[in-house]
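*Asks:* Would you mind keeping the following structure in view while I ask a few things?
The values are calculated or read from the model by the stated rules, or taken from the named source; none is laboratory data. All of these numbers come straight from a predicted model, not from anything done at the bench. Here the Cβ positions follow ideal geometry from the backbone for every residue, glycine too, while neighbour counts run over all protein chains shown. Each accessible area value is taken on the protein alone, full model and side chains, heavy atoms only, with ligands, DNA and RNA left out. Shrake-Rupley method; radii C 1.70, N 1.55, O 1.52, S 1.80 Å.
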Amino acid sequence: MIRVRHLLPCALLLATAFSLAAADRARPRNIVIIYADDLGYGDVSCYGAKRVSTPNVDRLAREGLRFTSGYATSGTCTPSRFALLSGEYPWRRDGTGVLPGDAALVIDLGRATLPSVLKKAGYTTAAVGKWHLGLGANGATIDWNKPIAPGPREVGFDYSFIMAATADRVPCVYVENQRVVGIDPKDPLRVDYKNPFPGEPTGVSERAKLKMDWSHGHNMGVVNGIGRIGYYTGGRAAQWVDEDMADTFTRHAVDFITREKDRPFFLYFATHDIHVPRVPHPRFVGKTGMGARGDAIVQFDWEVGEILNTLERHGLTRDTLVILSSDNGPVIDDGYKDSAVEKLGDHRPAASFRGGKYSRFEAGTRVPFIVRWPGHVRSGVSDALMSHVDLVATFAALTGQKLAERDAPDSLDQSAALLGESPRGRDYVIEHAGKLALREGNWKFIAPAQGVALQVNTHTETANLPTPQLYDLSTDVGEKKNLAASEQARTTAMAEKLAALQKATRTRP
Ligand code: NG6
Ligand code: CA
């Protein structure tokens, strides 16, 4: 095992050697992205968690490369996933904020996406799990009782088995290849995010009977004894059972791998865990003593293990590049009374970082980021700056695909850093939650913003302040000491750089 960070002094020399080697690199036979939801940097044991053990995630880290500065683009789900799949910063596009369950598809079909690039390169592609990028055409109302398009297929996925948005948003049904699974034509499903359907129970009317009470929001439609966001009527036979969701998604991911084992495949496995509502299967309940949130982490780790074991069973471990990451940082109370707050104890989901989901402090977007590809990715730890927005260009490079100029406008080829050939990643990353922040080397600039500094419901420090903030992450990873006043020149330079990056329509040369 090597520590990629030890290579730093030789960076220049190595960079030259690597660019020569790049042309003769092997291409991954298969690619799997395991994308957790709301999993914090400190939530897995290989990143320092003590009270929860994640042996499968740890195994991936041990056999692969664990990044200490891997970033989602944004502090919430839709924008992060948009960037991952499109290679464009979500803040360049209106309508890429957290979407309701009946939103239209937000990905532009005129451009390449991660799955479309890989499909062109000959991979069979699949999306299994959480979608949250909208379905159907702009301006149209989704008819959940008929085939729904555009969706994953039009974005480049040959196969899909998804939930439309999040588990806390209606409709609470699985959608396979763009049809709701198990819908009964005699009980048509309808969804409305504004108005309740007369006579349907809500999280307010049923509150005393709910399986899990809500703490904020989540009091509209009720499914499986849990209040959700949005109203619905009908479609009862198609409703999921939250306790079985991990098993269901994992089974479909495993079946896809098994079906495709003899030809190249790309699997985007976007788990529901550890997002709310956290309702792990009974076999995981009580495993951590940290309540539903801790148990959902163990369930997530089991899902990872199932994928790794399936690859192993089919002899595909050495042929498959696996990435594990999360769409945004951690949150403890995200709207349900699931005992996550009371039972957190000394577990630190954000590790030493400040903030969490919804925040421009580090914990908002700095997430677990692990890559394994035996014989190709050097194992160890890398401090390279990495961003999910780069995966489109990086995988295009790894699979010999050319991007058109309009494609993936913010995605940079970081294959050398991804494979651990180079200790350098990006020169900068942009962190987004409402407004933007810029990390350049170890300096972190947070642009002034209106809005609350502390989200009362989730207890998140957002980093919104009316004045600029500057932190030196090399000595102050917890972003406690604002140096904006004493480092004025640097603060101004970074503010100008961020404004220029924001104004540009693209950052890929
Ligand atoms: C918020 C929800 C939260 C979660 C989040 C999206 C309320 C009160 N809170 O609006 O529970 O669903 O949106 O999370 O409704 S994400 O990870 O999909 O971005
Ligand atoms: Ca999320």
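*Asks:* Between a residue in segment 77-106 that is among the aromatic types (F, W, Y) and any residue that is within 15 Å of ligand 1 (Cβ to nearest atom), which pairs come within a Cβ distance under 7 Å, given they are 6 or more apart or on different chains?
*Replies:* F82/P90; F82/T96; F82/V106; F82/L133; Y89/T73; Y89/A83; W91/H432
*Asks:* Are any residues in segment 352-375 assigned to a loop (DSSP other than H, G, I, E, B), under 30 Å from T317 (Cα atoms) and away from ligand 2 (no atom under 16 Å from the Cβ), and if so, which ones?
*Replies:* W373, P374, G375
*Asks:* Has segment 307-325 got any residue that is open to solvent by 10 Å² or more (accessible area, probe 1.4 Å) and hydrophobic (A, V, I, L, M, F, W, C)?
*Replies:* no
*Asks:* Check segment 182-191 and report whether any residue there is more than 16 Å from ligand 2 (Cβ to nearest atom), closer than 26 Å to F266 by Cα and surrounded by fewer than 23 Cβ atoms within 10 Å (Cβ to Cβ).
*Replies:* No, that holds for no residue.
*Asks:* Also: Which residues, counting only those in segment 315-351, are away from ligand 2 (no atom under 16 Å from the Cβ), β-branched (V, I, T) and touching a residue at least 60 places away in the same chain (Cβ under 8 Å)?
*Replies:* T320, V322, I323
*Asks:* Would you confirm whether any residue within segment 183-192 is within 24 Å of the chain's Cα centre (by Cα), under 27 Å from T78 (Cα atoms) and outside the structural domain of P277 (by TED's automatic domain parsing)?
*Replies:* no
*Asks:* Looking at segment 261-280, which of its residues are surrounded by fewer than 23 Cβ atoms within 10 Å (Cβ to Cβ) and touching a Phe, Trp or Tyr at 6+ places or on another chain (Cβ under 9 Å)?
*Replies:* The answer is R263, P264.
*Asks:* Further question: Hey, among A397, A393, which residue is in a helix (DSSP H, G or I) and open to solvent by 20 Å² or more (accessible area, probe 1.4 Å)? If you could, list the steps in order and put the result at the bottom.
*Replies:* On the way: A393 fails: open to solvent by 20 Å² or more (accessible area, probe 1.4 Å).
After ruling out the rest, the residue left standing is A397.
*Asks:* Evaluate segment 339-350: report whether one residue or more is surrounded by fewer than 17 Cβ atoms within 10 Å (Cβ to Cβ) and in contact with an Asp or Glu (Cβ under 7 Å, 6 or more places away or on another chain).
*Replies:* yes
*Asks:* So, one more: Filter segment 102-148 down to the residues that are of a type in the set (S, T, Y) and open to solvent by 10 Å² or more (accessible area, probe 1.4 Å) and list them by number.
*Replies:* Result: S116, T124, T141.
*Asks:* Return yes when V106 is touching a helix residue (DSSP H, G or I) at 6+ places or on another chain (Cβ under 7 Å), β-branched (V, I, T) and away from ligand 1 (no atom under 14 Å from the Cβ) and no when it is not.
*Replies:* No; evaluated as a whole, the condition is false for this residue.
*Asks:* Still on this structure, please answer the following. Out of the residues in segment 67-92 that are among the polar types (S, T, N, Q), under 13 Å from E431 (Cα atoms) and within 12 Å of ligand 1 (Cβ to nearest atom), which is most open to solvent (accessible area, probe 1.4 Å)?
*Replies:* Out of the qualifying residues, it is T76.
*Asks:* Follow-up. Scan segment 408-430 for residues that are in a loop (DSSP other than H, G, I, E, B), at pLDDT 95 or above and open to solvent by 10 Å² or more (accessible area, probe 1.4 Å) and report the count.
*Replies:* Of the residues in that region, 9 qualify.
*Asks:* I would also like to ask the following. Scan T166, T141 and give me the residue that is part of a loop (DSSP other than H, G, I, E, B), among the polar types (S, T, N, Q) and either within 16 Å of ligand 2 (Cβ to nearest atom) or in the same structural domain as S80 (by TED's automatic domain parsing) (or both). If you could, list the steps in order and put the result at the bottom.
*Replies:* Details: T141 fails: either within 16 Å of ligand 2 (Cβ to nearest atom) or in the same structural domain as S80 (by TED's automatic domain parsing) (or both).
From the options T166, T141, the qualifying one is T166.
*Asks:* Still on this model: Is there a residue being within 16 Å of ligand 1 (Cβ to nearest atom), farther than 20 Å from Y268 by Cα and either buried (at least 24 other Cβ atoms within 10 Å of the Cβ) or within 14 Å of the chain's Cα centre (by Cα) (or both) anywhere in segment 40-56?
*Replies:* Yes; the residues of segment 40-56 include at least one that is within 16 Å of ligand 1 (Cβ to nearest atom), farther than 20 Å from Y268 by Cα and either buried (at least 24 other Cβ atoms within 10 Å of the Cβ) or within 14 Å of the chain's Cα centre (by Cα) (or both).
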